[in-house]
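Any read-out appearing in this document is the output of simple, stated calculations on the displayed coordinates, not a laboratory observation. What you are looking at is a predicted structure, and each value in this text was computed from that prediction instead of being measured. Glycine gets a Cβ as well: all are built from the backbone with ideal geometry, and neighbour counts include every protein chain shown.
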Amino acid sequence: MKSRLVLVLVAFGAWGLLIAGRLWSLQVARHDEFVRRAERQQQRVIELDPPRGTILDARGREVAVSVEVESAFAVPREIGDLAATVERLAGTLGLDRGKLTRQLTLDREFVWVARKLDPPQARAVKALELPGIYFLEESKRYYPLRDTAAHVLGYVGTDNQGLGGLEARYDRSVAGKPGRRTVLRDARRGMALPPGLPSAAPVAGHDLHLTLDAAIQAIAEQELAGAVQRLRARSGSVVLLDPATGAVVAMASWPGFDPNRFRDADQEARRNRVVLDAYEPGSTFKMITAAAALEQGLVHPDESLDCEMGGITLAGVRIADHKPFGRLTFREVIAKSSNVCTIKTALRVANRDFYETIRAFGFGTPTGIDLPGESPGLLMPVERWPSLAKAYISFGQGISVTPLQLATAFAAVANGGRLLEPYVVERIVDGDVTVRPHPEPVDRGRPVSPRTLAILRELLAGVTVEGGTGMGAAIAGYPVAGKTGTAQKAVPGRGYLPDQFVASFAGFAPLDRPALVGVVVIDDPRGTYHGGEAAAPVFAAIVGKALLYLNVPPERERPERWPFEPEPTDEEEPQQFADAAGEPETERVAPPLPGMVPDLSGRTARQAVALLAELGLQPQLEGRGIVVAQQLPPGSPPPPPGALFRVDLGTPVPGAIARARDELDTGAGG
């Protein structure tokens with residue numbers, strides 16, 4: 001009996017020791033392991049997109065920002081009536097019912113329903129009060145100027161990845177670091193968001209400051225869209241550069257799109273034609289031909305050439321001019337754009353020398369701009385040139401270039417001979433740290449000598465005056481140098497189409513101190529298709545307004561009285577107003593609040609245009625004379641850049657403007 005009791009006690013002791021050992025193993029030795037296993041079973045970590053860095057234009061205007069929005073997710077096990085939930089969500093958010101049903105029947109604890117909802121959508125879903133539907137805050141990209149500069153900025157997908165333009169090119173800098181949010185699963189496998197769980201806040205990306213000016217960009221896009229639609233063209237593009245640095249001031253393509261809703265636009269609308277589209281430049285390329293011949297000393301500006309009255313035959317092939325010409329000096333050849341005499345000039349230049357000049361101006365290779373997908377154009381190696389290649393290339397056929405390549409080539413003529421690498425991002429800012437990708441202009445070579453450049457500028461200036469093909473590009477007060485182009489479109493296997501053209505103009509202004517270089521390309525205009533008629537006026541409209549906006553002074557003396565300005569009277573001398581002491585003071589006006597609508601009363605039309613351009617507004621002038629009324633009162637918040645702003649011109653009651661301004665200065669006005 002005693003031995004049995006001992007045996008039982010030993011057995012119980014051993015069992016107790018085993019239990020104690022097991023408890024020690026579970027609760028002490030392997031405690032951390034089981035805590036981690038429990039956390040894995042009970043918790044889920046969700047990655048949250050960070051706010052991307054802000055993109056700002058050259059004057060600090062925000063053109064791409066990140067905003068906090070809500071994303072809807074579902075816990076499928078908590079959904080009661082699946083069919084009703086699917087129906088109400090799909091109807092509210094426009095989702096595919098079949099796809100949503102498949103998502104909500106998955107054996108998962110967490111399913112995204114719709115990410116980065118616009119606030120009205122989020123409020124609508126919340127109002128449904130559906131069981132199992134919850135919300136998390138995320139960051140969404142927003143473009144406040146909508147389609148302005150869309151092709152340059154690009155766009156961002158739902159996964160916060162840049163998919164085009166600068167958003168893609170600088171994605172690593174702009175994207176930031178994702179945050180993490182821990183959610184808790186309860187015993188019924190439901191979801192909870194208790195505040196005490198671990199989380200890591202997203203880290204915002206770096207800001208990009210651009211060389212592009214949103215106001216000039218809006219001007220370029222508006223004028224380009226108007227021209228393409230008026231000419232019933234297929235598409236169009238414009239690029240403006242600062243010739244001194246290579247900085248892109250504006251870059252526009254049409255058709256356009258809204259990057260906030262980029263999925264609504266097709267690939268063609270999202271295409272940045274300035275860097276992606278290579279086309280045959282036509283007669284704008286005669287500038288390169290002239291440069292090659294002048295550099296070799298093979299032609300003189302005043303040399304007389306026989307243009308054969310409309311055509312030339314080479315190797316049994318007849319090449320026609322755009323109109324018959326007899327004898328022309330070489331400066332007239334460029335001004336009137338004779339194909340025949342351009343060919344004759346090119347034939348004097350050795351193939352290798354001509355090819356090297358073309359390469360020296362940057363053709364056949366990408367410009368190096370900080371935008372994705374740039375086309376190098378098409379330049380056949382000189383060793384493979386057929387017998388007529390040089391003749392065709394001399395007037396811009398048989399070679400393909402991008403508008404940006406052509407702009408950088410003309411910029412080299414404008415800036416004194418430096419072929420500069422164009423760029424869009426001026427600096428990258430991360431708090432107090434600033435990185436400048438282009439601290440100095442990147443000089444890629446000097447295509448020709450200063451002597452050749454001086455002659456080229458003189459020849460190009462002759463294109464935009466009386467007798468030249470580019471008179472439509474002339475800008476009052478700003479001498480323009482440039483070249484028109486009208487190229488037949490080529491289709492592989494079909495040759496050149498007789499009724500489809502690319503009209504273009506490339507140039508710079510003002511002539512003696514160039515501030516802007518621009519290229520305008522209109523693809524397949526209808527009716528008017530010559531470069532001087534279709535593209536040159538677009539150049540004049542854009543560059544003329546841009547020069548005023550940039551405060552580039554016109555090359556003329558200020559007249560005593562501007563056109564349509566009323567004669568001075570005894571009561572009111574022009575541009576003079578009485579101060580409180582009765583002494584005359586020149587153009588004394590209440591200073592406008594920064595960023596607000598200025599007081600335009602009594603201003604000349606030119607002065608009003610310049611002031612509105614500072615805000616990026618498009619003046620809509622009505623009448624003649626000086627400003628007597630304006631769309632919004634002084635000090636009002638302005639409309640968005642690119643909007644029309646009505647200004648009424650007329651002859652005011654003598655002394656009325658002076659009295660009104662005095663009232664503004666003294667606060668006496670009502």
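What distance in nm lies between label points placed 7 Å from Cα along the C-beta direction at His300 and Leu163?
6.2
Which three semi-axes in whole Å describe the equivalent ellipsoid of region 323-368, each the square root of 5 times a Cα gyration tensor eigenvalue, listed largest first?
Equivalent-ellipsoid dimensions as semi-axes: 26, 13, 8 Å.
Report the local net charge at Arg436: Lys and Arg +1, Asp and Glu -1, summed over other residues whose C-beta lies under 10 Å from its C-beta.
Values: positive: Arg427; negative: Glu426, Glu440.
Overall, the nearby charge balance is -1.
On a 24 Å Cα-Cα criterion, which of the cross-link pairs Lys323/Lys344; Lys286/Lys323; Lys489/Lys545; Lys336/Lys489; Lys286/Lys545; Lys140/Lys545 come out too long?
Beyond 24 Å: Lys489/Lys545; Lys286/Lys545; Lys140/Lys545.
Taking Cα centroids, how far is region 156-181 from region 205-250 in Å?
The distance from the Cα centre of region 156-181 to that of region 205-250 comes to 24 Å.
Applying the Karplus parametrisation 6.51 cos²θ - 1.76 cosθ + 1.60 with θ = phi - 60° to the phi angles of region 252-268, what ³J(HN,Hα) value in whole Hz is obtained for each residue in order, glycine and proline being reported as x?
Once rounded to whole Hz, the list reads 10, 9, 9, x, x, 7, 9, x, 5, 9, 5, 5, 6, 9, 7, 4, 5.
Take the alpha-carbon centre of region 480-506, take the same for region 336-375, and report the distance between them in whole Å.
16
Can you sort Ser173, Ser283 by how many other beta carbons sit within 10 Å, fewest first?
With the fewest neighbours first, Ser173, Ser283 line up as Ser173, Ser283.
Most exposed first by the Cβ proxy, i.e. fewest other Cβ within 10 Å, how do Val333, Val520 rank?
The most exposed by this proxy come first: Val333, Val520.
Give me the net charge for the shell around Leu298: Cβ to Cβ below 12 angstrom, other residues only, Lys and Arg +1, Asp and Glu -1.
-1
Apply the Karplus curve 6.51 cos²θ - 1.76 cosθ + 1.60, θ = phi - 60°, to the phi angles in region 128-137 and return the couplings in whole Hz, x for Gly and Pro.
6, 6, 8, x, x, 10, 10, 9, 10, 7
Which order do Phe539, Phe12 fall in if you start with the one that has the fewest other Cβ atoms within 10 Å?
Numbers: Phe539 32, Phe12 10.
Lowest to highest Cβ neighbour count: Phe12, Phe539.
So if R0 is 56 Å, what FRET efficiency would Arg327 and Met380 give, r being the distance between their Cβ atoms, rounded to the nearest 0.05?
0.95
Highest mean first, how do 489-502, 371-384 rank when packing is the count of other Cβ atoms within 10 Å averaged over residues?
371-384, 489-502
7 Å from Cα along Cα→Cβ at both Val491 and Glu62: what's the point-to-point distance in nm?
Placing both labels 7 Å beyond Cα along the Cβ direction yields 4.8 nm.
Can you give the Rg to Rh ratio for region 268-307, taking only C-alpha atoms and Rh from Kirkwood?
1.25
Amide H of Leu48: which non-local residues (sequence gap of 5 or more, or other chain) have their own amide H closer than 5 Å, using H built in the peptide plane?
Amide H to amide H, under 5 Å and 5 or more residues apart or across chains, Leu48 pairs with Gly179, Arg180, Arg181.
Add +1 for every Lys or Arg and -1 for every Asp or Glu among the other residues with Cβ under 11 Å from the Cβ of Pro514, and state the total.
0
Calculate the all-directions average of the projected area of region 45-210's alpha-carbon convex hull, and give it in nm².
Result: a mean projected hull area of 10.7 nm².
On full extension of the chain, what length is gained from Glu87 through Glu356, given 0.36 nm per residue of separation minus the C-alpha to C-alpha distance?
This chain segment gains 90.1 nm when fully extended.
Karplus couplings for region 518-528 from phi (6.51 cos²θ - 1.76 cosθ + 1.60, θ = phi - 60°), rounded to Hz, Gly and Pro as x?
Computed from phi, the couplings for region 518-528 are x, 10, 10, 10, 10, 8, 6, x, 10, x, 7 Hz.
Under 5 Å between amide hydrogens, which residues at least 5 positions from Ser304 or on another chain qualify, with H placed 1.01 Å from N in the peptide plane?
Residues meeting the amide H criterion: none.
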